[in-house]
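Below you'll find the structure, written out as structure tokens, and then a few comments.
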Amino acid sequence: MADSDLLLDIRDLRIDGKAGDDWLPIVKGVNLTLKKGEVLGLIGESGAGKSTIGLAAMGFARDGCRISGGTIDFDGVDLRKSSQDNLRRLRGKRIAYVAQSAAASFNPAHKLMEQYVEAPVRHGVMGRSEAERDAVELYRKMQLPNPEEIGFRFPHQVSGGQLQRAMTAMAMSCRPDLIIFDEPTTALDVTTQIEVLAAIRDIVEQFGTSAIYITHDLAVVAQMADRIKILLRGEEVEEADTRTMLADPQEDYTKSLWAVRSFKRSAQDAPKSEPVVSVRNVSASYGPVQVLDDVSFDIHARRTVAVVGESGSGKSTAARVITGLLPPTHGEVLFDGTPLPADYRKRTRDQLRHAQMIYQMADTALNPKLTIRKLIGRPAQMYLGLRGRKLNERIRELLHLIEMEPDEFIDRLPSELSGGQKQRIGIARALAAEPRFIICDEVTSALDQIVAEGILKLLDRLQGELNLAYMFITHDLATVKAIADDVVVMQKGRVVEQGPKEEMFRPPHHPYTDLLLSSVPEMDPDWLTNLLEERKSKDHPTSADA
Amino acid sequence: MGMIFTLLWIAVALTVAMALALGFRKLATAATRGETSRALRDAPLTAAFGMMVIVIYLIVAILAPLIAPFPEREIVGTQFQPWTAEHWLGTDALGRDLFSRMVYGTRNTVGIAFATTALAFLIGSVLGLLAATVGGWLDQGMSRLVDVLMAIPSLIFALLLLTIFGTSIMTLILVIAVIDSTRVFRLARAVSEGVVVMDYIEAARLRGERLPYLITREILPNVTAPLVAEFGLRFCFVFLSISALSFLGLGIQPPTADWGSMVRENATLITFGDITPLLPAGAIALLTVAVNFVVDWQLYRASGLKE
């Protein structure tokens, strides 16, 4: 340990992944240093190797991966040469890990406290009762509600945002020197995200912990990191101080990342025609629980209506009512002025054809056993009666439309495509029916930003070419800014505000709209600090979660 | 010394089996074309061996009258003759040619077991898929009925039904098929339920697809792997059920040749150090192993466990 300031020193790290019988490089010689008390942001699109590097910092490689070269020096110990026993002593005690999905990472069969005390007791840092007292203390620091009592709940009894904070508290249990955060807020909606970010930042500062913060969200990393390193396909693009990096990126790739959020479609003319779809005073419930309460909005041809709200606000339920999956208790849905039967089974083939849907998770929305040809071909065959050569022509045309090469993709299975390509197939399937109206349910939220932007541009272009009306369900206000014409803000099953986008983004707002808007992270490194101070001074109501 | 010889024999048998399997795979690859040929070329040796055994059994079953030197039910010599050039495996307690009865037994035992398993699968998987896809009252009704049927021990239930309906081959097939289909129903329903909740099924429903398309095109391809695995296992169980029923006198009736009852009829010979009665049992064992080799391979392919 020549330089006592240095905690982690990774040199020329190389990691291979298994593909069939070969080993292909995933990480190609990356250097990474981390000083004590410093937070390093790792940024890149999916497949850049950022999670793999994060795990390697613990001396760990996933199944099907191997560390093939370089040194990983943690506080004077080379993790690559350490025995499994030594590594086990370090992990959890001096190096901790916070995973992307806390809901999937907690063991659902044990209470939070059971899982919290495991590491400190096992590592002999403290006794059980001491650990429990400490947990309550940390839960309080993480601003969890009822810190005394929350540890005795099961993971499913706690909301997503709280769970993520409980996991961060758990990582802190042994007061580690280094924490690796792997996209800890990606699965949360904006209002919850802020609370988790603020809590994480506080606790890292208080204990002087070093951290590696992995994310694909630039605005988030700007709030958290002292330094930013950008990765592309397993190689470093550039690294700099957060402020320098934001103000003056050097490489083209970095600049393109910075530019992603700049996509904004051209303004559309005000609607002249009758609305394609109009939702009239709809109320709906799941059993005794009412999830929609007197919801009304219109969607016009060539226009995009964005329905925004946090999870549980009823925006996806609205889509289920329109498609006929959930018959409403009151109200009706009009298509071209005529009411649609409430149940999809009673709708005519044409009525079904004109309202198509694109799903959030392309993985579960495409049958894994059908080829692209069948996936796209079926609606065209069914609704338009295309057969043989004509059908083949149409499939190729659709693939061209979504910018995929027919010869290369037509006979592939969904598992042989990337996430963005799968989503494009989802779009093509909706287009194959030649609909007039498409519901896009969080279509970009599972994709990273560059890919998501491509999808948004594609949808925008198709709307112009094919005269489509879109209903865009999302919790990401950046997406709304990019693509919407009209905005409907929902909270607890009610529409709290609606109108054209320009009006919605101009104050004054409904307090909830304001909360949503102000929660969208900005690329300014001081944004979170300022926002928190502002909210504190105004004593702003935070979301129901807190 | 004896130990070493046994080991040597086992080694020789394994080598011969491997060589045969290799040869069979070459032959099969050459005889087929395109996708099938490629799949066969990549098949493991165990699967090739299994397929070879199944093909041989099939040929024997189909060409039984041509292969067997004597008729199935005729008394052609004295009782309990040893292996001779005329009667390859000797004769049984009534003086019927054992080799001929083995050959005909292939047709009866394998044919009946296969027909039963296939029928059980047809009933079980169709109803199971239907229950999972339609849901609601239909699902409740069918599932509870199956629960009731499964609550009765299967052998006793089979005995009961066979006593009521009489012991012809047709009733035997139907009774065992119905009883075994309850197990298949359970599996098919459970696996399909995991598929029915996927978004692509919702998309297909919203597209206005009808039930037959939904079941055969969207759901079935996603549940074949576990069903195929179950088929191999179920086939062996059916074999055992038939043998057990034959042993109790309610299965395949004499004078029809059947491997299960052949073991029982000639069991006394074992006391005299004659292994002939074990040959039908060995034939059963070989076939079940072969079927499971092939099923394992298919499962491996279908489940996408390619790495």
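The values are calculated or read from the model by the stated rules, or taken from the named source; none is laboratory data. Computed from a predicted model, the values in this text were never measured in an experiment. All Cβ positions, even for glycine, are placed from backbone atoms using ideal geometry, and neighbour counts span all protein chains on display.
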- Message: Between a residue in the range B:23-48 that is surrounded by 14 or more Cβ atoms within 10 Å (Cβ to Cβ) and any residue that is part of a helix (DSSP H, G or I) and basic (Lys, Arg), which pairs come within a Cβ distance under 6 Å, given they are 6 or more apart or on different chains?
- Response: B:Thr29/B:Arg41; B:Ala48/B:Arg25
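Yes or no: the range B:96-106 includes at least one residue that is surrounded by fewer than 17 Cβ atoms within 10 Å (Cβ to Cβ), in contact (Cβ under 8 Å) with a residue 12 or more places away in the chain and not assigned by TED's automatic domain parsing to the domain that holds B:Ala190. Break it down stepwise before answering.
Residues of the range B:96-106 that are surrounded by fewer than 17 Cβ atoms within 10 Å (Cβ to Cβ), as a first pass: none.
No, the range B:96-106 contains no residue that is surrounded by fewer than 17 Cβ atoms within 10 Å (Cβ to Cβ), in contact (Cβ under 8 Å) with a residue 12 or more places away in the chain and not assigned by TED's automatic domain parsing to the domain that holds B:Ala190.
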- Given A:Ala102, A:Ala48, A:Ala119, which one is surrounded by 19 or more Cβ atoms within 10 Å (Cβ to Cβ), within 30 Å of A:Val158 (Cβ to Cβ) and at pLDDT below 85? A:Ala102
- Query: Which residue pairs have Cβ atoms closer than 7 Å, lie 6 or more positions apart in sequence or on different chains, and pair a first residue in the range A:52-76 that is within 14 Å of chain B (Cβ to nearest Cβ) with a second residue that is among the aliphatic types (A, V, I, L, M)?
  - Reply: A:Arg62/A:Leu55; A:Cys65/A:Ile15; A:Cys65/A:Ile26
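For (1) surrounded by fewer than 18 Cβ atoms within 10 Å (Cβ to Cβ); (2) in contact with a helix residue (DSSP H, G or I) (Cβ under 8 Å, 6 or more places away or on another chain), each residue gets a yes or a no:
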site	(1), (2)
A:Leu55	no, no
A:Phe74	no, yes
A:Met126	yes, yes
A:Asn146	yes, no
A:Arg153	yes, yes
- Message: I'd like the full set of residues that are in contact (Cβ under 8 Å) with a residue 60 or more places away in the chain, within 14 Å of chain B (Cβ to nearest Cβ) and over 27 Å from A:Ser159 (Cα atoms), limited to the range A:304-334.
- Response: A:Ile322, A:Thr323
- Item | Which numbered condition B:Arg234 fails, given (1) without any contact (Cβ under 8 Å) to a residue 12 or more places away in the chain; (2) assigned to a helix (DSSP H, G or I) | (1)
- Note on the structure: Within the range A:402-443, the residues that are more than 14 Å from chain B (Cβ to nearest Cβ) and of a type in the set (Gly, Ala, Ser) are A:Ser418, A:Gly419, A:Gly420
- Hey, B:Leu211 hits all of (1) within 13 Å of chain A (Cβ to nearest Cβ); (2) surrounded by 13 or more Cβ atoms within 10 Å (Cβ to Cβ) but one; which does it fall short on? (2)
- Condition broken by A:Pro341, with the remaining ones in (1) within 9 Å of chain B (Cβ to nearest Cβ); (2) surrounded by fewer than 23 Cβ atoms within 10 Å (Cβ to Cβ); (3) free of Cβ contacts under 8 Å to residues at least 60 places away in the same chain satisfied: (1)
- Message: Looking at (1) touching a residue at least 40 places away in the same chain (Cβ under 8 Å); (2) in a helix (DSSP H, G or I); (3) more than 14 Å from every other protein chain (Cβ to nearest Cβ), which one does B:Ser192 not meet, given that it meets all the others?
- Response: (3)
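Answer yes if at least one residue in the range B:170-179 is among the hydrophobic types (A, V, I, L, M, F, W, C), more than 23 Å from the chain's Cα centre (by Cα) and either under 19 Å from B:Asp258 (Cα atoms) or surrounded by fewer than 16 Cβ atoms within 10 Å (Cβ to Cβ) (or both), and no otherwise.
Looking only at the range B:170-179, we keep the residues that are among the hydrophobic types (A, V, I, L, M, F, W, C), and these are B:170, B:172-179.
Next cut, more than 23 Å from the chain's Cα centre (by Cα) only: none.
Within the range B:170-179, not a single residue is among the hydrophobic types (A, V, I, L, M, F, W, C), more than 23 Å from the chain's Cα centre (by Cα) and either under 19 Å from B:Asp258 (Cα atoms) or surrounded by fewer than 16 Cβ atoms within 10 Å (Cβ to Cβ) (or both).
Please find, among A:Leu384, A:Leu399, the residue that is away from chain B (no Cβ under 14 Å), more than 23 Å from the chain's Cα centre (by Cα) and farther than 22 Å from B:Asn222 by Cα. Quick ask: steps written out before the conclusion?
Working: A:Leu384 fails: away from chain B (no Cβ under 14 Å).
After applying the criteria, what remains is A:Leu399.
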- Task: Answer with yes or no whether A:Arg175 is closer than 21 Å to A:Asp9 by Cα and surrounded by fewer than 19 Cβ atoms within 10 Å (Cβ to Cβ).
- Result: yes
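Hey, among the residues in the range A:344-372 that are of a type in the set (Ser, Thr, Tyr) and in contact (Cβ under 8 Å) with a residue 24 or more places away in the chain, which one's farthest from the other protein chains (Cβ to nearest Cβ)? Reasoning before the result, please.
The initial filter retains those residues of the range A:344-372 that are of a type in the set (Ser, Thr, Tyr), namely A:344, A:348, A:359, A:364, A:371.
Next cut, in contact (Cβ under 8 Å) with a residue 24 or more places away in the chain only: A:359, A:371.
Numbers: A:Tyr359: 5, A:Thr371: 11 Å.
Here the residue is A:Thr371.
Tell me, which helices (runs of 4 or more DSSP H) lie completely within the range B:73-168 with 3 or more residues that are more than 28 Å from B:Ser181 (Cβ to Cβ)?
Working: elements: B:98-105, B:111-134, B:136-151, B:154-165.
Filter on the range B:73-168 gives B:98-105.
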- Query: Would you say A:Asp22 is among the acidic types (Asp, Glu), within 14 Å of chain B (Cβ to nearest Cβ) and over 26 Å from the mean Cα position of the chain (by Cα)?
  - Reply: yes
- Task: Sort out which residues of the range A:372-387 are closer than 15 Å to A:Ile410 by Cα and at pLDDT below 90, and write them in order of number.
- Result: none
